[in-house]
Amino acid sequence: MSIQWYPGHMLETKKLLKDSISKVDAVLEILDARLPNASENPLVANLCKDTARIKILNKSDLADPRVTDMWLSYFEHQRKLPAFAVCGSEKNQAEKALNYCISRITRNRARKVKVMVVGIPNTGKSTILNTLAGKKIAKTGNVPAITRHKQRTSLKNNIDIYDTPGILWPVIEPKERAFVLAASGAISDTALDYHEIGLFAAGLVLKKYPNLLLARYAFLNELPKDESDLIEKIGLARGCLKKGGGINYQKAAEILIRDLRSGKIGNISFETPKDIESANEII
Ligand SMILES: Nc1nc2c(ncn2[C@@H]2O[C@H](COP(=O)(O)OP(=O)(O)OP(=O)(O)O)[C@@H](O)[C@H]2O)c(=O)[nH]1
Ligand SMILES: [Mg+2]
């Protein structure tokens, strides 16, 4: 299966970024702390060659802190890029990242500094902008593609900050990357087969965080034997039944995905720097 979700406004956003990134002083690239590799849009690195950029690993309150530390070290040592782990609603964390970014540019005090917030959908770009502004300026929401246009906001210290719509790319490959993005909530649910993504999510949690599963789902007396078994057990325990009888796997998978995305299963990171190293070795 390949997941394709590239609504029209993303093509417009691509043009917008191409036209405007070179005109701003700095870029805050917002990644999802649970999937810093999968949520990194290659377009941003290409466009930011001459623009100061930092990585913000947002939603770190949902990620495994041990793995987030590994990612911070990966960005610092292997990619030579400054990276900050933040929770988007925490003002001091967002300000620390912004201030560091501003400190890296040569400032002409007579004119405003322009900072652009970019990233894939649903990583918390607008949330961070609101936090920095200290009020709700941009619309936010727990589905991707909430922001549809560039929006400028003036902050104190002569800084203008621009929110932008989340952007993906037309065909997401490899398949595992598409699954990670889908399970995190970066791709519209309308483009997904819940059962398939649910099986992927089940496999991920069973492999990486089995104890969290046992703690979350009290009806599990022991670990399910595989991902299908987990979905089936959730379906049975939560009464996800089809009209004519039998388990509604779609509904059961939806429960697992919702619990995973919201952090109800616990602090989960979908990938580690080691995972991408081994994937590169295979290639
Ligand atoms: N747990 C948690 N949730 C967050 C955090 N930051 C943002 N969110 C939530 O994530 C969802 C998406 O946030 P937005 O700020 O709308 O994301 P966005 O990147 O602007 O999304 P698009 O405009 O669709 O590209 C919302 O439900 C936010 O409340 C965070 O640090 N932790
Ligand atoms: Mg937004």
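For region 151-183, how many residues are farther than 18 Å from K23 by Cα, open to solvent by 10 Å² or more (accessible area, probe 1.4 Å) and within 16 Å of ligand 1 (Cβ to nearest atom)? So the count comes out to 1.
Residue-wise test of (1) modelled with pLDDT under 95; (2) surrounded by 19 or more Cβ atoms within 10 Å (Cβ to Cβ); (3) within 27 Å of the chain's Cα centre (by Cα).
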| site | (1), (2), (3) |
| --- | --- |
| P224 | no, yes, no |
| E227 | no, yes, yes |
| G235 | no, yes, no |
| N267 | no, no, yes |
| E271 | no, yes, yes |
| I283 | yes, no, yes |
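Filtering region 206-232 to residues that are in contact (Cβ under 8 Å) with a residue 24 or more places away in the chain and over 22 Å from S269 (Cβ atoms) leaves only S228.
Look through S2, S73 and report the one residue that is closer than 23 Å to E271 by Cβ, modelled with pLDDT of 95 or more, open to solvent by 20 Å² or more (accessible area, probe 1.4 Å) and of a type in the set (S, T, N, Q). Let's see the steps before the verdict.
On the way: S2 fails: modelled with pLDDT of 95 or more.
That would be S73, the only listed residue that is closer than 23 Å to E271 by Cβ, modelled with pLDDT of 95 or more, open to solvent by 20 Å² or more (accessible area, probe 1.4 Å) and of a type in the set (S, T, N, Q).
From the list T106, T140, T123, the one residue that fits, being of a type in the set (V, I, T), within 14 Å of ligand 2 (Cβ to nearest atom) and open to solvent by 20 Å² or more (accessible area, probe 1.4 Å), is T140. For the residues N122, N92, N130, N58, the requirement of being within 15 Å of ligand 1 (Cβ to nearest atom), in contact (Cβ under 8 Å) with a residue 40 or more places away in the chain, under 20 Å from A26 (Cα atoms) and not assigned by TED's automatic domain parsing to the domain that holds I265 singles out N58.
Within region 188-210, can one find any residue that is within 16 Å of ligand 2 (Cβ to nearest atom), within 19 Å of the chain's Cα centre (by Cα) and of a type in the set (A, V, I, L, M)? Looking through region 188-210, none of the residues is within 16 Å of ligand 2 (Cβ to nearest atom), within 19 Å of the chain's Cα centre (by Cα) and of a type in the set (A, V, I, L, M).
Please verify whether F200 is of a type in the set (A, V, I, L, M, F, W, C) and either in the same structural domain as A63 (by TED's automatic domain parsing) or part of a loop (DSSP other than H, G, I, E, B) (or both), treating the condition exactly as stated. Can you show your working first?
Values: of a type in the set (A, V, I, L, M, F, W, C): yes; either in the same structural domain as A63 (by TED's automatic domain parsing) or part of a loop (DSSP other than H, G, I, E, B) (or both): no.
The answer is no for F200.
Among the listed residues M70, M116, identify the single one that is touching a residue at least 40 places away in the same chain (Cβ under 8 Å) and away from ligand 1 (no atom under 16 Å from the Cβ). Steps first, please.
Numbers: M116 fails: away from ligand 1 (no atom under 16 Å from the Cβ).
Result of the check over M70, M116: M70.
Residues in region 29-67 that are within 15 Å of the chain's Cα centre (by Cα) and acidic (D, E) were compared, and the one that is most open to solvent (accessible area, probe 1.4 Å) is D61. Restricting the first member to region 150-162 and to residues that are of a type in the set (D, E, K, R), and the second to residues that are open to solvent by 60 Å² or more (accessible area, probe 1.4 Å), the beta-carbon pairs closer than 6 Å and six or more apart or on different chains are D160/K112; D160/K114; D160/R152; D160/S154.
The values are calculated or read from the model by the stated rules, or taken from the named source; none is laboratory data. Treat the numbers as computed from the prediction; the structure is a model and nothing was measured. Counting neighbours? That spans all protein chains shown, and the Cβs are built from the backbone with ideal geometry, glycine included. With ligands, DNA and RNA removed, areas are computed over all heavy atoms of the protein, side chains included. Shrake-Rupley method; radii C 1.70, N 1.55, O 1.52, S 1.80 Å.
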